[in-house]
């Protein structure tokens, strides 16, 4: 079978369907997509609230509870304890199929009627203000995280302890303000590093300790801006830097970012991969066009599958954990198999399509909130024979009477739910982080946009009046309502946060939690890949900022290697191919 070029019905851009894509679609018995990979991801990402909490009324008790779903979503939100109880049944909301209307419309109507749990968590201990999480202990405002303890303010914090303000970290301890690190201890303001300890403001370092402002180092210690010092010299210099003060901490961070820009980047941000493309792909095999993938095999167009051992999936985003043979899913995982066009269905859900919020169920089509069920359609029970016959008819009906959204886009069988079905609001979803659509554009496209109600607080302390050194801070700071330096909203210092900052000798933050999060992921590459070429020009890079430390195999001539990379060629990053990078970083 040959490749085919098709035109995305959403963005009107051409995209290519490769022979291996057709083979996968045939294997799972779905038609080829009519949306391009980017627009497919945008839809799935719109169904993920990454880190926002809202106060809503419990649909059963009418008490105030915290929820990932905003009040404006008009969903029936209850606590997870209530949702898992035997006091109600999702079968009570079952509906007959209405063959006169689009099937997707009927699924959305059902989803708005069936209660949904508030935080999407399990096995939690003393972590009531976290969401989309598993196995947290003594954590606060942690999202998309697993098996961590004593951590505050973060997303995708896995198997870590005593960490504050981090994103996408794994098996790390006592780390602060870091992104995409693994097996690290006492690292601060650092990104894309592994097996490091006591490292400040560094990027892409491996097995290093006691370094500041460094990049691309391997098994190094006592370095500042990649310059080697003795232990005694390093100790004296770092003492003079006063990194426990707000001003000096900021200045050193800014100097480090400037230094990073003068150093080379490997075109592919990942480690220990085989035949894989994408950004932040680690310990994986045959992952193509991946983004933030750990320990997986045979994936394509998948994003944020951070819990390992996922196989043979296309267009799946968020979570994973032994997910196999699935297509176009969002927030599905934990031993899921053969799911198509499903949202938030876990654990051990199997052989289901167009389902939302199902739990341990299989052979369901267009169902919502079912627990341990099978052979159901729109929450009504059928025999195996009836189910098989009806599913075939529904798929044909979806082609003949498709759902058409507010923009006139057509959703036949084989497409994920439209963005306008999302309960979160485009601005509160993962989509806005990757696609940056503003309010006017979102509303024009018919997407939900839900503004979080602003609480009014009396500011008691401006960020400019914070004590400069952490040594000057006492417990009275816990009573202050502080003005954020960037957005000017109010924030507070929590007791556990203050204990951490004092222990690590780090100054108080001058920005609120949300602004710190946005600043932390600023250096993160997007999911997009670009056709580019190596910037090694022989003895230096093509911008003349970086001088090679040795002669490369291509000699004094420019490298001719081409590749796909997450670095935008129009940016100011110096990007080398694998061979040139490895010859520089040893």
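Some points to look at:
- Test: residue in the stretch 68-82 that is closer than 13 Å to residue 119 by Cα and surrounded by fewer than 14 Cβ atoms within 10 Å (Cβ to Cβ): yes
- Selection count where residues are in a loop (DSSP other than H, G, I, E, B) and under 24 Å from the mean Cα position of the chain (by Cα), scope the stretch 64-74: 3
- Among the residues of the stretch 547-586, those that are without any contact (Cβ under 8 Å) to a residue 60 or more places away in the chain, in a loop (DSSP other than H, G, I, E, B) and either out of contact with any strand residue (DSSP E or B) (no Cβ under 9 Å at 6 or more places or on another chain) or closer than 22 Å to residue 220 by Cβ (or both) comprise 548, 549, 550, 551, 552, 553, 555, 556, 557, 571.
- In summary, strands (runs of 3 or more DSSP E) completely within the stretch 248-343 and bearing 2 or more residues that are under 29 Å from residue 49 (Cα atoms) occur at 278-282, 285-288, 290-294, 297-300, 303-305, 311-320, 327-333, 337-340.
- Residue list for the stretch 470-480, restricted to those being in contact (Cβ under 8 Å) with a residue 24 or more places away in the chain and either over 32 Å from the mean Cα position of the chain (by Cα) or not in a helix (DSSP H, G or I) (or both): 471, 473, 477
- Residues that are more than 17 Å from the chain's Cα centre (by Cα) and at positive phi, drawn from the stretch 286-323: 286, 298, 309, 312, 322
- Exactly one residue out of 221, 172, 202, 197 is surrounded by 24 or more Cβ atoms within 10 Å (Cβ to Cβ) and either free of Cβ contacts under 8 Å to residues at least 40 places away in the same chain or touching a helix residue (DSSP H, G or I) at 6+ places or on another chain (Cβ under 7 Å) (or both): that is 172.
- Boolean, residue 467 is under 27 Å from residue 241 (Cα atoms) and in a loop (DSSP other than H, G, I, E, B): yes
- With respect to (1) closer than 17 Å to residue 103 by Cβ; (2) in a loop (DSSP other than H, G, I, E, B), the lone exception for residue 406 is condition (1).
- Meets criteria (touching a residue at least 60 places away in the same chain (Cβ under 8 Å), over 20 Å from residue 265 (Cβ atoms) and surrounded by fewer than 24 Cβ atoms within 10 Å (Cβ to Cβ)) for residue 162: yes
- Count - residues of the stretch 227-247 that are in a helix (DSSP H, G or I) and in contact with a strand residue (DSSP E or B) (Cβ under 7 Å, 6 or more places away or on another chain): 4
- Out of 509, 569, sole residue that is surrounded by fewer than 19 Cβ atoms within 10 Å (Cβ to Cβ) and within 27 Å of the chain's Cα centre (by Cα): 569
- Residue match in the stretch 523-540 (condition: without any contact (Cβ under 8 Å) to a residue 24 or more places away in the chain, out of contact with any strand residue (DSSP E or B) (no Cβ under 7 Å at 6 or more places or on another chain), in a helix (DSSP H, G or I) and farther than 30 Å from residue 304 by Cα): no
- Just one of (1) out of contact with any strand residue (DSSP E or B) (no Cβ under 6 Å at 6 or more places or on another chain); (2) surrounded by 24 or more Cβ atoms within 10 Å (Cβ to Cβ) fails for residue 207. It is (2).
Any read-out appearing in this document is the output of simple, stated calculations on the displayed coordinates, not a laboratory observation. Owing to the predicted nature of the structure, the values given are computational and were not obtained by experimental measurement. Reconstructed Cβ throughout: ideal geometry from the backbone, glycine too, with neighbour counts over all protein chains shown.
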